[in-house]
Each structure stands twice: as C-alpha cells, then as structure tokens.
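The values are calculated or read from the model by the stated rules, or taken from the named source; none is laboratory data. Just so it is clear, the model here is predicted, and its values are computed rather than measured. Heads up, the Cβs are rebuilt from the backbone with ideal geometry, glycines too, and the neighbour counts pull from every protein chain shown. Ligands, DNA and RNA are excluded from the accessible area calculation, which covers all protein heavy atoms including side chains. Shrake-Rupley method; radii C 1.70, N 1.55, O 1.52, S 1.80 Å.
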4 protein chains.
Amino acid sequence: MTIEGKNEGARPRRIRLGMVGGGQGAFIGGVHRMASRIDDHFELVAGALSSTAEKSKASGAELGLDPDRCYGSFEEMAEKEAAREDGIEAVSIVTPNHVHFAAAKAFLERGIHVICDKPLTSNLEDAKQLQRVAHGADALFILTHNYTGYPMIRQARDMVLGGELGTLRVVQVEYAQDWLTEAAELTGAKQAVWRTDPEKSGAGGATGDIGTHAYNLASFVSGLTLKSLAADLDSFVEGRRVDDNGHVMMRFEGGAKGMLWCSQVAPGNENALKLRVYGAKGGLEWEQENPNHLWFTPFGEPKRLITRNGAGAGHAAARVSRIPGGHPEGYLEAFATIYTEAAAAIRARQSDTPVDPAVTYPTVDDGVKGVAFVAACVESSKKDGAWVSV
Amino acid sequence: MTIEGKNEGARPRRIRLGMVGGGQGAFIGGVHRMASRIDDHFELVAGALSSTAEKSKASGAELGLDPDRCYGSFEEMAEKEAAREDGIEAVSIVTPNHVHFAAAKAFLERGIHVICDKPLTSNLEDAKQLQRVAHGADALFILTHNYTGYPMIRQARDMVLGGELGTLRVVQVEYAQDWLTEAAELTGAKQAVWRTDPEKSGAGGATGDIGTHAYNLASFVSGLTLKSLAADLDSFVEGRRVDDNGHVMMRFEGGAKGMLWCSQVAPGNENALKLRVYGAKGGLEWEQENPNHLWFTPFGEPKRLITRNGAGAGHAAARVSRIPGGHPEGYLEAFATIYTEAAAAIRARQSDTPVDPAVTYPTVDDGVKGVAFVAACVESSKKDGAWVSV
Amino acid sequence: MTIEGKNEGARPRRIRLGMVGGGQGAFIGGVHRMASRIDDHFELVAGALSSTAEKSKASGAELGLDPDRCYGSFEEMAEKEAAREDGIEAVSIVTPNHVHFAAAKAFLERGIHVICDKPLTSNLEDAKQLQRVAHGADALFILTHNYTGYPMIRQARDMVLGGELGTLRVVQVEYAQDWLTEAAELTGAKQAVWRTDPEKSGAGGATGDIGTHAYNLASFVSGLTLKSLAADLDSFVEGRRVDDNGHVMMRFEGGAKGMLWCSQVAPGNENALKLRVYGAKGGLEWEQENPNHLWFTPFGEPKRLITRNGAGAGHAAARVSRIPGGHPEGYLEAFATIYTEAAAAIRARQSDTPVDPAVTYPTVDDGVKGVAFVAACVESSKKDGAWVSV
Amino acid sequence: MTIEGKNEGARPRRIRLGMVGGGQGAFIGGVHRMASRIDDHFELVAGALSSTAEKSKASGAELGLDPDRCYGSFEEMAEKEAAREDGIEAVSIVTPNHVHFAAAKAFLERGIHVICDKPLTSNLEDAKQLQRVAHGADALFILTHNYTGYPMIRQARDMVLGGELGTLRVVQVEYAQDWLTEAAELTGAKQAVWRTDPEKSGAGGATGDIGTHAYNLASFVSGLTLKSLAADLDSFVEGRRVDDNGHVMMRFEGGAKGMLWCSQVAPGNENALKLRVYGAKGGLEWEQENPNHLWFTPFGEPKRLITRNGAGAGHAAARVSRIPGGHPEGYLEAFATIYTEAAAAIRARQSDTPVDPAVTYPTVDDGVKGVAFVAACVESSKKDGAWVSV
C-alpha cells in the first residue's frame, strides 16, 4: 500500500453541463451535482430544474446559475442551448422516471450527450424506443447505475471475468430498505409520493426503484445473461399502489442460478445492497454500506479481505480510486466515477479519438435490460409467480 | 447484566441413555454425546454404535461402555435393553437418515424415549408412518433441530410471538456451506459419501441436509405455516446424485412471504445459517456463526444488539443460558439445550407430573413438516420450478 | 474443511474429582463442572462447596453427590479423601482468591492434583509460597487461565512461535467489562461484593480479576517476558475499594512494547478481551466474544480470516477443537480444554509415562507471574505511574 | 429516515482559493482540492504548487490554472495575489510540516484566510509564534483536522457535551497504520521520505503524523483538557529517524484517564483510527474505516447503532451530512465539511455578520495543543517514559 498521490495528468477544459430536474426538495439532483464536481470534469451552466420557469429560476439561483439559462421546460432548454455557441455539451436527467424518455430524446436528437438517472424509463415500450433513438444519435447515453462505480465492484468484475472464481454457479443479490415500512406516501413525503405512483415510477415499485439496481449490479459483476425468472411481488402496506417487496428466482444462460430480493419494508435496512457470487473455484461478497471491502475466498483457503487501494486490489479498482486504502470512499465518489467515465467518453468523442478501453459505464442497452427485468417481474407476479422468459 | 450463578436446583438421577450410530468416523454421534453431558442429565450406558457387533464393541470401548451393552444392531439393543431392569430409558439415533424410521419405531414401541437426529426420515412415507407410531407410543419423540436451542433464537421467537415485530411480512433464511464445492464424495470422505447418496440421505441433498434446518428455524421463530413453495434445485458438481444448491420462494398462511437458500457449493461459507424476519413494526436478524447476538430494529429507532444474558434479553433466553453475556456459548450448548429440554419432558412423563410449559423441543410433527418441505422442493423442481402446495 | 468425526481413541476410566467452593450462588463453580464434563475425563465425587457442612451438603445434593463426601471445609475434605481408597485424585479450587493458597497447599501436600481458578492467590507472598509448595509436591498444579484453551489462541501462539510474524514489536491487549459501572457491591450482588473486597480479591480489582487474564493471554501467545511496566489504576465508582480501571504500558525483554487496558466500568462491553500482536512480518487479531475467528495479515498481503477447523488452521488448533468450522465453540469448550489437558497430564503422571509434548496448560509459575503483574501495577500506580520492574 | 433532499439555500459567489504545495506526486493536495469542490464554495485560481516556478506551472497546467498565477514560491504568491483586485481570498497550505509556519504567516499578514494541513508546525516554538500571528491577523486560520468533519463524530461530541454519557471516565483512542512496517523511506517513496525526516516532519514521527489526529479527535469529542502524559515512543525499523510507534497514557483535568496508541508498523491496519469514550452513564465507539456508524450503549441497555441520517442521529450530524443514511459518506466528505465550515466563517467575516454558532472547525489553538502534545510525548519518552505536564 502506498499513500503517494497520482499524477493527475493534463486537465482539459470542463464540459458544459445542463440539468433536467433536481430542483428544491429533490434528492438525486444534488447527488448528481456533487458527483459531477468531485473530479472536476464538468461545469453546471444551465437547468430546467423544476416544472415552471419561476421555480426553475429560484432553484437555479441557489446554484449560482445564470437566470437566462434557467428554463421552464426541458424542451425549451434543449432548443435554446443547442442554439448557443457556448451551449451545454451534456445534460443530466434527474427527474422522476416517466420523464426520462422524452427528455433524453430531446437532447440526444440535438447531439447533446445524456447522463440519465435509472431506471431508463417507466415502461418497456419507452425503453426500447429510447434505445433506438440513442443508437441513432450523434451523442452518448450514460445511465447512472452508480453502484458500478465502486472500486471494489470493478475489482469483483475484474476477478470474475479473469476466471478467479471459475465457472459461476450461484448469484445472490439483495437490496433492502425500510423507509416505506409505513405509508409514507400518505403523509406527503415527496420522494415517497412519486416513487409509489405507477404513473411516475412505472409498474414496478421496489422492483423498479432498487431491484433494478440489484439486477444491474449482479449482471455487471457476473457478466451473466438472464434467461428467465419467477417473481413474487407484494404490496404489504395497505393502499400502496406498487410493490414494496419482491422475491425473484433467476436462471442465467450457461446454467448459473440466482436469487434477488428487494424490499422497502424491511426494518433495520437503510440501503443494504449486497452481492454474493459463487463459482467452482471461489466466492466473492460485497456490501454497499461498507463498500471499500471485498471478501474473496478461493475454495479451500482462508477468506481474504481485499480493500480499495490495499493489498490484493488490482488496476481495475485503482483507476477509479482517489485516496489511500483505509480512508473510506463512499457513495458520492462511486457516483463521481460514472461522471468521470462519461467525461472520458465524451472527450474522446469530441476529439474523435478512441476511448480508453478501460472506460466503463452503463449504457442504454443496460437500461433496456433493467426495464425488461422489471417488466418480467411484474408479468411473472401477475401470473402467480410463473417462470417467464426475459 | 449479572454474573451471578444460578441455583441449579435439586438434580435427580441421570437418565440412562443408549445410542444408535455414532461409531468411529461419525461426526454427529460425538456431538450428541457431548451435548448430553454438558448439563449432566444423561448417562450413556449402551450402544449399537456401528453396523456389526465387533465394530460396535470397539467404538463402545472408546466410550467406556460395558461390552455386554454394545450391540450389533438396534433391533438387538431395543430388545435386550427393554428386558433389563436397568435398561436404557432413552435412546439417541444418530445414523444416516434412512435408518431413522426403523430404529425409532423399534424403541418407541418398547416405551423407550427417542432423541433422533434430523431430518426425520429419508422420505415422506416413512415420516408419516413414524408420526403415527410416535403418536401411538408410550414414549416421547424429540427431534434434534439443534438450532432451536440457541438462546437468542428463543429470544427471537419470544419477541415475534409477543408481537414486538407486528404482523410478519417477510422471512429470509439461508444456510450456506462450501464443503461440497468439489466432488468430495468421489474421494471417499465418509460424510460426503452418505450425505450425497439418495438411498441413505433421501431425495434432497443440500435441501435435506441443511435446507430442512433453515426451514425449521424459520418456522420455529416466525410461527408461520407454509402454504406453498416454488423451488429450483441444482447439482452443480458433475456426477452428484442429489442437489447441492436450492433456491426456494415461500408463501405462508396469512400472506407473509419468504425466501430460502441452501447451498453446499458456496466458497467462503462454513455453516452460514442466517435468519431475518421482518414485520410491520420491526425486524430481527441472527447468524449461527455468531449466535450470542440478536439484532433488533423497532421501525424508526436505532438497531439494537441484544446479547445472551445481556441487556434486552428476556426469560425465554435466560432459561436456556448457562454463563454470563460476553462469554460465548456455542453449538454444543444449543445442542445440550435440546437434551435438557428432553430430560425435563422425560422426567415429567416418568413422574406423571405436568411438564413445565416453557419446555420446548422439536417433535415428530415438526419432523414430518421438514420432510414434507424437502419433498415439495423436489417436486417443484421436477416441475421446472412450479408452485406446489405443501 | 471436513466434517468427519475424529476417532476418539480408547477412553480410560474417569478421574475422580473434588471441588472446593462452587456452592449455591457461585458462578465459576458451575463453569468448572460443565467444563469437566464436556470431554468426559472427570467425575465429580466430593466437595467442600460452601463454608459450612450444612450448606455444602445442600449444594452437594443439587449435584447428586454422596452426602458423606460433602464436607464443611477443605481441610476436612483433604484429610478424609486422602484417606479413602477411592478418594479424589484431583480437586478443583473455585473459591474467592484469598482461599486459593491454603486450599491448594492442603491438597498438594497430600498428593492430590490441583486445578485452581485464577488469579493464583490474593497476594504475591502467598503466590511465591504456593509456588514452592507446588514445585515440591508429588502432584500437578493447573491454573485455569481458560482463555488459553481457545483453539484460535493455540493457533496464534503456534504462528508466533513459528516465526510467521517475524520479530514481535507491539502487543495490544485489553479486557473491558461494564458490570461494575455502578456500585453493584452496595446492592449486595454476591459476585460484586467479593470481587471488590481487597481482603478476598487482593489489592488489584479489575487488574486482578481480568487484567491478569489479559496479561496471561498476551504472554501465552507472544512468548514474551515482561521486564517493566507503568500503570495508572483508578476507582471511578465512589466508595469502591479496589481499582475498576487500569491503564498499563509494558516493556518486554528483547524490545517489544505493549499496552494493556482492563476496565469494569466501560458501558457496552461484556467480556471484551481482545489481543493484537504485531511483528516485522505480520499481525494477528483476536476477540474473545467471537473466538472462532483469527485475523492474520502477512505484511503486504490481504488480511485473512483463519477459522477454527477451517482453511488455514493448523494442528495446534485442531487438537483442541471438537466440531467443524462454522459451528461455534465457546467459552465452556475452551475451559474444557484446560480440563482435558489436565487429564492428559494427570494420567501420564499416574502411569509414569511421558506426557504428550503438545499438552499445554497454565502452571503455578504462570500464576506467580500473574500475581507479580498485579502487584507491580499496584506499586506503579501508588508511585504515581512510575515505571517499575517486574 | 427520509431521503428527501435539503433545500440548499441561496449560494453566494465561490471564494477564490490559492494553494501552497500539492504539486505532482503529493497526496494531500489532491484531497484538499476534491474536498474544496464537493460543496462548491471555493474556486481554485492560483498556486505555489511546487518548489520551482517551472514545476509549479506544470502542476498548475494539470489543474487548469492560469500560468500567470502559478508561482515559484509562496512568498511571491502572497505578494502578487494580495496586490490583485481579484486576488485569492483564502489559501490552502498542504506542504510538508516545516513549511506551514512561514507560509501561513505570509498570507495571514496580508489578510488572506488560511486553511492549513496538520500538524500546525514542525515544532512548538513555531506553533506558538504562529498562534500569536493568527490571533493578531485580520484573517481566519482553519486547521484541517479533517476527522472532526465526520457526521458521527459531530454526533458523538454532541452527545458527550449534552451529558448523555454522564461524567467521562475513560478515553481510548488509537490510530494504527502499517505502511512503514518496512523501511519505505529507503526505497524513495516520496511520502515516506519526508514523513520520516525530522527536519521536515518534526520530532514526532507516527506521533506527529497520526498521533496528533488521534489526540485532536479525542479532545474534540470528549471536550476534556489534557493535564499530563507518559509516553513510550519507539523506532522499530532500523535506521528510522523518528518514532513509528507510540504508547501514551493520559490524565485529563477532572480525573478522566486515557490511552493513546499510534503506530505505522502494525500490519493489517490501513487507517485504523478508533475512538471509545466511556462515562458514568454510557459509552460510545467509532471507527474511521466505517465512519457512518456510531455505537452507543446507555449503561444497562442494549448497544445501539446510530447511523448518519438514520434513526437516533440528531441535528449536529444532519447539518454536515449530504445524502441518506445507508449511502456511505467517506473521508472526502468529512474533509469537505471542514472547507464548508471555513466558507461559512469566511463569508460571515467578509460580510461582517455573526457566524452561525453551529459552525465548528479546528483553530490555531487546537493546532498548538496538538504540537504541544507531540512535544510532550517526545519529552516523556526521552525521560524514559516519565509523566510530564502538558
């Protein structure tokens, strides 16, 4: 282990960024802004932060934005920024899910790169349409499945793909929360209201909000392709309009099996995202709430603790780490890594040079898979838990 | 917390015990013997420890048994001990599963109390027949689902039944091991050989060996009744004749849902039995490998660590604890509690007095439920993971 | 990892055991009795359990002892048992500390082996005298520093002595409790009363009760010899007559340094005995409350979890383990190991054969060192924390 | 728990920041820059990043600085920036310790606010002189004892000061690392070279580098004033010129006692800063490597886990938290909090308004105490571990 600093390399001009959503009272907008600043590759210069021009300007003032670049709608922002010489080069979309599709489309079609929160869209039809738009656009689409930015997740993926676990057999993933144990949506909590409204959130509740994160993470690390699933979704809280607990069994191509549990009614869990992957030669375990630790057991040997920037961690983790092992990096740094990967990809595109092959970020295709996963869960559950193909 | 000793109360004569199985090379026989000694309620005086009289005598010599009471078969032991004035009052059956039925029957029919290892039998037919025999016998039948003897499991059950968690919603239980990650049965390891032989072990492999423990524990703590399940069982190791990994989704009467995972191919897991129970008012978490700790979260309050004989633990835990909090009791003590509960029940029966209502042990009915669970898992898996009633 | 049973080997006749102390309301007496039964090498047949013949008989009745062998004093027991042909071969002394010396002397001088609770005596003079008696006696003296019986402590010692840590540099040891945070001795709690009474306990309070355990454990694992120390002892609870918190800095021969903290006023600690040992090549960490785990870091490599009977554990641990890894053994099993080692030593002595060199138990010399440690702490503290030689 | 966003309030213009030190190969400079960006209160516009103008410009180019504002020395920067209308308002000093004094003086005397890395200076004389300068200056001095920025440390301090632990009795603090287990300074590792050079680092090695952090943290949370100490410092690695391991016993005003251990030769420790505080009514435990968790035990009740932005956490923690509980904030966020507190203080000073009384940051006085602590440790150790007043 060393605590030497890295030479940071010549730092080009910051990328001009806009934001859709993320006004007062939002949660994820602030996260995106902090994440975009940590590695200093972006500069926020415009926003359609709220649903009216007035609110948007108020929110923009808090962020020090030029009032002329605080817009009342994403359509207006897309149009006007595209027309400016110093217009935004990329946009972060941090609205409720049902807005993702139209907003992303508006920017992609104008050649503005899109960094979009997950899930991709609120339904599979939109997702597939957005996929077509993105593939045809002259702009990049980055989905912020932020957990893929954790260094030890990169380490885990690298070990799996490098064969250190042997042929994979079992994937256990879960994401448990407790904040919807009671009917928070009835007492007006803004996050609870939209996240339990199928019009805004999509047919999946916990499944769409956090199950999709768990599924993405399992896919990212394991490299496995889901073939079919059986799901049992419940709304335990009376009057809730979407699922708040989901149990899923999964079959992957090649024969590996998995279980996924997502819940928002499990008291004692804050953001308990946990992944365990087992193969013929070894096993890995990781927990989001203590993300700098990765447990690796080569079969027949003692369990080992691999730490970020510590002994046992390799290049895949080191290239997305900032500080010495033992000094915890957290959620915001992992999120920042998505932004930094996005910056690398955007700059390569802008300069027409090949992107460093190590650059990794979730794409629109990953987003479609996530929405398809949710749709399959809902379908299976409606069919009384029958197996459905994905 | 106190470290005062308990007054142990007048200690009656030790109960004369025999043992079927548990000769040289066995694992669970030695566990039963240590467990039977810890609280000093039993005295081992006879055995049909091995499959021949000669081997049985050799094993008996190691245990200091009278050679005249080392028998070549359980039938002989049942007959001869029943005829002695100082014959055994109880017998421990610690053979491979397929022998449980006939052995238990032989002793029960002679009025000798039976303490039998789990699972009850190797198939459901035997299980139901044994249930009838046990119900008709003038002797008790105790099944050593030993994990129910852990003090913090008693505490958890007491809290659930007392309503501290509110209506239960979700039960997550798992039992993961790694010792069958490779084909240990091919290299002659005695435990691996019989535990992967469907003739001896039953149709369930991991499901029968450890899944049944997980299911029993979940049932014991939650008090819920299983209604139906969907299971996906696999034999990941080439040539293995029984399942070594099981994924199960469960539906309980009253609407609670559960997931159960059992695996013997999960590198990094020794005996990782974990139970989590969530209700409308709170959640509980417990792990067998650190069994003196129980985590309790009343919804909206900080998570609390309840320790054996520590603050927050109640009478249900204290009556089966031996030493102060912070001095770990382990697997053998939990196992000993089953023996101690058995002794209390046997003595009550012998003296024709009512048994202390706090005395709790797994019965033949629990055993039938366990075997039915395994049978349902196997049936569901054969039907490609379809839901089946239990 | 395997779950095969061990062949237990031919089991000779059980050793006849007496007990001094351990009557109703005692704590440690019951622990000794359970420990003596687990591996079945002893049979309790006599006792001077309480301070009067009547109470002793009452306590003896609870244990099923022959009333004729329940004595009113250890002197009487020593005399009468020594005169019987079937008299006790060994005696467990489990009284308050101030009785240890006279009781041990009475049995040793009659050739009866002594298994004595710690600390050796309540003052250094007695300790040295007992040492002389023991060295001159035709009987063994075993001190129950029970923590040395934990398998992972044996493993740690073996690794240190085998050079896996390189030259030792730093030893951090602590034993924290909280049960004397308030003045429990004023409300009559029996354990609190005698343990805070310098007449019965000795000049050291926390130092003598648990500091001596910590010191012994550090010495046992490190193999280091203490040269000098500086201690700062406090009685934080008003009116307390002995220390309830001790801070100690230690210098060992050869240049290693250490810190020892013992406290009975640290809320949130039950029996938090922790040992950490660091050398030029690696480090070890162990905690009594989770005793089946040993953490080993070879410098520059990932931290490894060595588990009892798991991968990475060697013979030194395996020979004192009973059950598979992942099935926790606890405090009573570690205590039982002291009894089992004692049995091996006693039988070797009885049969005039050499004892297996692997047999290890704390001796009267270790006991003298422990009492000298306490005396030095008290002396240093009286000298305002000055360094004193040991 | 809620995941609602906070309204961030009107955001004034960013404060213009310069930096001394932090060029290529440095570690802590990058940390300061990331920390200064997270909450967006500062804009880096100038630097004397390296020891020559050329290197400084090269480092500045990497950061996108105007070459005209990349200086060859801090003197030049102080002079020229003070003369500019748009000159820096604050400066971060991130050089090796021996430079802190002169650099801080140069800026303070020109009314430029100073944010300085710890320890304050490399010797006590400089520290006291800097204290006088700072007290006399028309500018603020903020010392980046960054661990005081962790939300759960704020929570702990708030609980202690609020009396939830009762009168404090015992403080155990430690900071263990392993990166100097071998003679890294001989192989040219830049961080190891200067940190083990008494000319640059000061007389204390581990004591000055990390012991001072541990001492500051203990003081910050406990509110106690150190009266005297006894220290035993060692240089275990051959040829090392400063201590790499320190053992310290501490006496506080009012009667509380403490132990402090700092080590850079403890294999298996990365940045293991741990604090435990015990009072008459309860205890607290915290570890830097898992900083979102705080363990609180009210005496006689179960231990409770207080989490950042979770149940049980109060306003003191919430005002320095950014994201929901269960999403870990780390080292950079805690560091950012120091910058954000500094910004609040600087803006209040600039606008001549009173600063929010909740604003908390380490001052020059804390810095003097830290250097005095190191000096006392060195003095005590030279006097063979005698007690010395602080």
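Here is a list of conditions, (1) assigned to a loop (DSSP other than H, G, I, E, B); (2) over 18 Å from the mean Cα position of the chain (by Cα), and C:Arg304 meets all of them except one; can you say which number that is?
(1)
Which condition number in (1) surrounded by fewer than 24 Cβ atoms within 10 Å (Cβ to Cβ); (2) within 14 Å of another protein chain (Cβ to nearest Cβ); (3) in contact with a Leu (Cβ under 8 Å, 6 or more places away or on another chain) is the one that D:Glu238 fails?
(3)
Could you please find all residues in the stretch C:105-135 being under 16 Å from the mean Cα position of the chain (by Cα) and under 18 Å from C:Arg33 (Cα atoms)?
Here is the first cut: in the stretch C:105-135, the ones under 16 Å from the mean Cα position of the chain (by Cα) are C:114-122, C:127.
C:Val114, C:Ile115, C:Cys116, C:Asp117, C:Lys118, listed by residue number.
Collect the residues in the stretch A:293-313 that are buried (at least 24 other Cβ atoms within 10 Å of the Cβ), in contact with a Ser or Thr (Cβ under 6 Å, 6 or more places away or on another chain) and more than 10 Å from chain B (Cβ to nearest Cβ), keeping them in residue-number order.
Residue satisfying the conditions is A:Arg308 alone.
Please go through the stretch D:241-286 and give me each residue that is within 14 Å of chain A (Cβ to nearest Cβ) and at positive phi, ordered by number.
D:Gly268
Could you tell me which of the residues C:Phe236, C:Phe220 is of a type in the set (Phe, Trp, Tyr), assigned to a loop (DSSP other than H, G, I, E, B) and not assigned by TED's automatic domain parsing to the domain that holds C:Val99? Working first, answer last.
On the way: C:Phe220 fails: assigned to a loop (DSSP other than H, G, I, E, B).
Checking each option against the conditions leaves just C:Phe236.
Look at C:Ser263 and say whether it is open to solvent by 10 Å² or more (accessible area, probe 1.4 Å), touching a residue at least 60 places away in the same chain (Cβ under 8 Å), assigned by TED's automatic domain parsing to the domain that holds C:Val160 and polar (S, T, N, Q). Break it down into steps so the answer makes sense when it comes.
Numbers: open to solvent by 10 Å² or more (accessible area, probe 1.4 Å): no; touching a residue at least 60 places away in the same chain (Cβ under 8 Å): yes; assigned by TED's automatic domain parsing to the domain that holds C:Val160: yes; polar (S, T, N, Q): yes.
Here the answer is no, as C:Ser263 does not meet what is asked.
Against the condition in a loop (DSSP other than H, G, I, E, B), under 27 Å from C:Leu305 (Cα atoms), touching a residue at least 12 places away in the same chain (Cβ under 8 Å) and open to solvent by 20 Å² or more (accessible area, probe 1.4 Å), how does A:Ala316 come out, does it pass?
no
So, in the stretch B:4-32, of the ones that are closer than 28 Å to C:Pro67 by Cα, at pLDDT below 95 and buried (at least 17 other Cβ atoms within 10 Å of the Cβ), which residue ends up farthest from the other protein chains (Cβ to nearest Cβ)? I'd like the intermediate steps shown before the answer.
Here is the first cut: in the stretch B:4-32, the residues closer than 28 Å to C:Pro67 by Cα are B:4-17.
From the residues that got through so far, the ones that are at pLDDT below 95 too are B:4-14.
Okay, now just the ones that are also buried (at least 17 other Cβ atoms within 10 Å of the Cβ), so B:5, B:14.
Values: B:Gly5: 4, B:Arg14: 8 Å.
Among those that are closer than 28 Å to C:Pro67 by Cα, at pLDDT below 95 and buried (at least 17 other Cβ atoms within 10 Å of the Cβ), it is B:Arg14.
Out of the residues in the stretch A:319-362 that are open to solvent by 30 Å² or more (accessible area, probe 1.4 Å) and in a helix (DSSP H, G or I), state the one that is nearest to the other protein chains (Cβ to nearest Cβ).
Going residue by residue through the stretch A:319-362, those that are open to solvent by 30 Å² or more (accessible area, probe 1.4 Å) are A:319, A:322, A:340, A:344, A:347, A:349-358, A:360-361.
Filter once more, so that each one left must be in a helix (DSSP H, G or I): A:340, A:344, A:347, A:349-351.
Details: A:Thr340: 12, A:Ala344: 16, A:Arg347: 14, A:Arg349: 20, A:Gln350: 17, A:Ser351: 17 Å.
Once the filter is applied, the top-ranked residue is A:Thr340.
Which condition number does D:Leu165 fail, the rest of (1) touching an Asp or Glu at 6+ places or on another chain (Cβ under 9 Å); (2) in the same structural domain as D:Val378 (by TED's automatic domain parsing) being met?
Of the numbered conditions (1) touching an Asp or Glu at 6+ places or on another chain (Cβ under 9 Å); (2) in the same structural domain as D:Val378 (by TED's automatic domain parsing), the odd one out for D:Leu165 is (1).
Identify all residues within the stretch D:35-86 that are assigned to a helix (DSSP H, G or I), open to solvent by less than 30 Å² (accessible area, probe 1.4 Å), touching a Cys at 6+ places or on another chain (Cβ under 7 Å) and within 14 Å of chain A (Cβ to nearest Cβ); write none if there are none.
D:Gly60
If you go through the stretch A:175-191 one residue at a time, how many are closer than 17 Å to A:Phe27 by Cβ, more than 14 Å from chain B (Cβ to nearest Cβ) and in contact (Cβ under 8 Å) with a residue 40 or more places away in the chain?
Summing the residues that are closer than 17 Å to A:Phe27 by Cβ, more than 14 Å from chain B (Cβ to nearest Cβ) and in contact (Cβ under 8 Å) with a residue 40 or more places away in the chain in the stretch A:175-191 gives 3.
Could you check the stretch A:198-235 and list, in sequence order, the residues that are under 22 Å from B:Arg169 (Cβ atoms), modelled with pLDDT under 95 and open to solvent by 30 Å² or more (accessible area, probe 1.4 Å)?
A:Pro198, A:Ala203
Quick check, is D:Gly283 within 24 Å of C:His247 (Cα to Cα), open to solvent by less than 10 Å² (accessible area, probe 1.4 Å) and not in a helix (DSSP H, G or I)? Give the steps one after another, and end with the answer.
Numbers: within 24 Å of C:His247 (Cα to Cα): yes; open to solvent by less than 10 Å² (accessible area, probe 1.4 Å): yes; not in a helix (DSSP H, G or I): yes.
The answer is yes for D:Gly283.
Yes/no per residue for (1) open to solvent by 10 Å² or more (accessible area, probe 1.4 Å); (2) touching a Leu at 6+ places or on another chain (Cβ under 6 Å); (3) assigned to a helix (DSSP H, G or I); (4) over 28 Å from B:Glu301 (Cβ atoms):
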{"site": "B:Asp138", "(1), (2), (3), (4)": "yes, no, no, yes"}
{"site": "B:Met152", "(1), (2), (3), (4)": "no, yes, yes, no"}
{"site": "B:Gly163", "(1), (2), (3), (4)": "yes, no, no, no"}
{"site": "B:Val171", "(1), (2), (3), (4)": "no, no, no, no"}
{"site": "B:Tyr175", "(1), (2), (3), (4)": "no, yes, no, yes"}
{"site": "B:Leu180", "(1), (2), (3), (4)": "no, no, no, yes"}
